[in-house]
1. Out of the range A:95-117, which residues are within 12 Å of the chain's Cα centre (by Cα) and at positive phi?
2. Residues in the range B:53-70: is at least one crowded, with 18+ Cβ neighbours inside 10 Å, modelled with pLDDT of 95 or more and within 17 Å of A:ILE143 (Cα to Cα)?
3. Please find, among B:LEU45, B:LEU19, the residue that is among the aliphatic types (A, V, I, L, M), in a strand (DSSP E or B) and either surrounded by 16 or more Cβ atoms within 10 Å (Cβ to Cβ) or away from chain A (no Cβ under 13 Å) (or both).
4. Scan the range A:98-125 residue by residue and report those that are part of a strand (DSSP E or B), of a type in the set (A, V, I, L, M, F, W, C) and within 19 Å of A:SER138 (Cβ to Cβ).
5. Within the set of pairs 6 or more residues apart or between chains, which connect a residue that is at positive phi inside the range A:118-135 to a residue that is crowded, with 24+ Cβ neighbours inside 10 Å and part of a loop (DSSP other than H, G, I, E, B) with Cβ atoms less than 7 Å apart?
6. Looking at A:PHE115 and the list (1) hydrophobic (A, V, I, L, M, F, W, C); (2) touching a residue at least 40 places away in the same chain (Cβ under 8 Å); (3) closer than 15 Å to A:THR34 by Cα, which single condition is not satisfied?
7. In the range A:64-90, what count of residues is obtained for those that are at positive phi and surrounded by 24 or more Cβ atoms within 10 Å (Cβ to Cβ)?
Amino acid sequence: MIPNRKALVCIGLLVITGTVQAATFINACPFVITSPGDYLLAANLMCGGGDGITINTGNVRLALEGHTITAGVGAKRAIVASKQFGVLQNVRILGPGLITNSGANAFSAGVFLDFVVNAEMSGITVLGALGGIVTGDSSNLTITANTLWQNNVGISLGDAVPRFRKMTSAVTAQVFFTKISAPR
Amino acid sequence: MTSTVSHNVINGNTGVGVLIGGSIDATFQNNVISGNGQYGISVSLFGVFGLKVTNNTALANGTLDLNDPVPNCAGSVWSGNTFFTANQSCIH
């Protein structure tokens, strides 16, 4: 009985501290991920009128679970990991899963990473996009076992200088301070 | 921090299979890059730093299988790749 009681106490503490978190199911797009955690695609999606799934926080695991994301009218990017200021860390985007065009509708990018450090993309098939997997200003990436087919560019890797955005933000703050100080 | 691109299949894209731009520290290995409309793997004109392209299979791409426009492949190591066409003798 004592070991069982200990186990129950441990589980209780994990739940109280928030260590045990249920996955979030994604059934529609657009969908914006703003909290760390596990996210599972629970249906095939038709995404138009902008980006499909946007990740703008770190420590996210997104699994496509064998589903398809299809470009609708006005589609931009199927999956984006980026935020306005700073750098995202620890993002995993996992297949199996298919990102595809439909007729004249195509994604500008299947998976797009911007200012991301420590990311994994694996097991994803991208078909008929402008860019299959596109990264910019990102580093420590693992891109493995994906299939890029009939896109304009299969994989495009840009600069690996994620610290650039931090420098830009600091300069902006300095200019703002100067403007506030000027009337004194 | 190094990025790794491995075991991907990049076939039949209308433009470039893999385009590597700017300064980057990356390893491309054990990928299949065939039948793309222009280059299989191409480095940007602006050059790269710390790039390793090893043990890839790049065949039957439209313009060239492997392309490094930087003289003498400075900043990059190309070794152990299987290919038909490349633009420099420093690509192996």
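1. A:PHE115
2. Looking through the range B:53-70, at least one residue is crowded, with 18+ Cβ neighbours inside 10 Å, modelled with pLDDT of 95 or more and within 17 Å of A:ILE143 (Cα to Cα).
3. B:LEU19
4. Within the range A:98-125, A:ILE99, A:ALA109, A:VAL111, A:PHE112, A:LEU113, A:VAL116, A:VAL117, A:ALA119, A:MET121, A:ILE124 qualify.
5. A:GLY123/A:ASN146; A:GLY128/A:ASN151
6. Only one criterion in (1) hydrophobic (A, V, I, L, M, F, W, C); (2) touching a residue at least 40 places away in the same chain (Cβ under 8 Å); (3) closer than 15 Å to A:THR34 by Cα is unmet by A:PHE115, namely (3).
7. 0
Yes/no per residue for (1) out of contact with any Lys or Arg (no Cβ under 6 Å at 6 or more places or on another chain); (2) in a strand (DSSP E or B); (3) away from chain A (no Cβ under 12 Å):
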| site | (1), (2), (3) |
| --- | --- |
| B:VAL5 | yes, yes, no |
| B:ILE24 | yes, no, no |
| B:ASN36 | yes, no, no |
| B:GLY40 | yes, yes, no |
| B:PHE49 | yes, no, no |
| B:LYS52 | yes, yes, yes |
| B:ALA58 | yes, yes, no |
| B:ASN61 | yes, no, no |
| B:LEU66 | yes, yes, yes |
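The values are calculated or read from the model by the stated rules, or taken from the named source; none is laboratory data. Since the structure is predicted, the reported quantities are computational estimates derived from the model, not experimental observations. A quick note on method: Cβ atoms are made from the backbone with ideal geometry, for glycine too, and the neighbour counts reach across all protein chains shown.
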